[in-house]
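First comes the structure, then the notes that go with it.
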Amino acid sequence: MSDVSTDSLDVSGAVAWAQACQANGKMRAWIEMPGSGMLWTASLILLRHLEVGAGVDWRGKRVLEVGSGCGHLATGLARLGAHVTATESAEEKIAGDGFVHMQRFIQGLLAERPGGGVPADAPGQSGALTAGTGPDGASHGGTVRFRKLHWGLDDLPPADWSGFDVVILSELYFFTELHEALLGVLRHVLAPGMVAYSLFVDRPFSLGFLAMLDDDKSFEMNTVSAESSANPPLGLYTILPSPILYGVWHKKGGSVGGAYIAQWSCNSIPIG
């Protein structure tokens, strides 16, 4: 297992947030947030990997995060220059008031940086909030907008979820009864030319969802980091639409590049 370099800039805020989640010098696996909500800190590990280990220039990338929760990933990617659509379900059976809480959390996180959390005025960014500026006074350039996403997409009118480069899935496999619905979301939103990054704590039901993805034959999965020695164990994968089913792909503008390896655990992101 290897630590993230403390010499790397923390533009996203992942390391600073990890410092706030420490106990006995290590990052805790989860934190209860004020009011309502829970931060699963695996999302900070994924964010730090996307910042320094994925080989991606996030400026201008169009990112869809499925199940944004408390919004740290969405906010951090916006600080890296991405235009992020943060989602939660509006359905009581899935997220309760999750959509409302997500908006509140993200607005607060964006406001941590000067100029953050205000309506964007750039062309094509109507309804989005700005990520603010960094310590050098330069604009982060990214934005976050909010959108309701009903998992399953089987009992609601079809919606247009096109136009994204990257899909983010962090710690979404906890409820096995929602696996089929989440699979439906991926079938609907993951199009040729896109890649999904998925990080989860390696539990039996998490592996069950991966088996479901494999059995579906609509996707290709690639292991970026599977660290069984971590405590708790983590799995980081990329998921792509299967070219066997989609035939010849027509790539969208802006390649996402390679994603490789930073073997981190909830105990290895530096916080000191």
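The values are calculated or read from the model by the stated rules, or taken from the named source; none is laboratory data. None of the values given here were measured: they were computed from a predicted structure. Counting neighbours? That spans all protein chains shown, and the Cβs are built from the backbone with ideal geometry, glycine included.
A few comments on the model shown:
- Checked against the criteria, Pro123 counts as without any contact (Cβ under 8 Å) to a residue 40 or more places away in the chain, within 30 Å of Leu9 (Cα to Cα) and either out of contact with any strand residue (DSSP E or B) (no Cβ under 8 Å at 6 or more places or on another chain) or of a type in the set (Lys, Arg) (or both).
- Yes/no for Leu47 being under 9 Å from the mean Cα position of the chain (by Cα) and over 20 Å from Leu186 (Cα atoms): yes
- Conditions (1) closer than 30 Å to Leu234 by Cβ; (2) buried (at least 17 other Cβ atoms within 10 Å of the Cβ); (3) modelled with pLDDT of 95 or more: number failed by Gly117: (1)
Residue-wise test of (1) part of a strand (DSSP E or B); (2) free of Cβ contacts under 8 Å to residues at least 12 places away in the same chain.
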{"residue": "Val144", "(1), (2)": "yes, no"}
{"residue": "Arg147", "(1), (2)": "yes, no"}
{"residue": "Trp151", "(1), (2)": "no, no"}
{"residue": "Ser162", "(1), (2)": "no, no"}
{"residue": "Leu178", "(1), (2)": "no, no"}
{"residue": "Ala196", "(1), (2)": "yes, no"}
{"residue": "Ala211", "(1), (2)": "no, yes"}
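- Checked against the criterion of being at pLDDT below 85, surrounded by fewer than 21 Cβ atoms within 10 Å (Cβ to Cβ) and farther than 25 Å from Thr87 by Cβ, the candidates Gly253, Gly247 yield just one match: Gly247.
- Any hit, region 26-39, residues being within 19 Å of Met194 (Cβ to Cβ) and part of a loop (DSSP other than H, G, I, E, B): no
- Among the conditions (1) at pLDDT 90 or above; (2) surrounded by 21 or more Cβ atoms within 10 Å (Cβ to Cβ); (3) part of a helix (DSSP H, G or I); (4) not charged (D, E, K, R), Val185 misses just one, which is (1).
- Residue in region 76-105 that is nearest to His150 (Cα to Cα), counting only those that are modelled with pLDDT of 95 or more, in contact with a strand residue (DSSP E or B) (Cβ under 6 Å, 6 or more places away or on another chain) and of a type in the set (A, V, I, L, M): Ala86
- Note on region 42-56: residues that are surrounded by 14 or more Cβ atoms within 10 Å (Cβ to Cβ) and more than 16 Å from Leu234 (Cβ to Cβ) amount to 3.
- Among the residues making up region 195-225, a single one is of a type in the set (Ser, Thr, Tyr) and loosely packed, with under 13 Cβ neighbours inside 10 Å: Thr223.
- Number of residues in region 16-36 that are under 20 Å from Leu236 (Cβ atoms) and surrounded by fewer than 21 Cβ atoms within 10 Å (Cβ to Cβ) equals 5.
- Considering residues of region 3-31 that are closer than 11 Å to Glu51 by Cβ and among the polar types (S, T, N, Q) only, the residue modelled with the highest pLDDT: Ser12
- The lone exception for Gly134 - which of (1) at pLDDT 90 or above; (2) under 26 Å from Pro34 (Cα atoms); (3) touching a Phe, Trp or Tyr at 6+ places or on another chain (Cβ under 8 Å) it fails: (3)
- Number of the condition not met by Leu39 [criteria: (1) in contact with a strand residue (DSSP E or B) (Cβ under 6 Å, 6 or more places away or on another chain); (2) surrounded by 18 or more Cβ atoms within 10 Å (Cβ to Cβ); (3) modelled with pLDDT under 85]: (3)
- Across region 201-220, the qualifying residues are those that are within 16 Å of Leu178 (Cα to Cα) and at pLDDT 85 or above, and the one among them that is farthest from the chain's Cα centre (by Cα) is Asp216.
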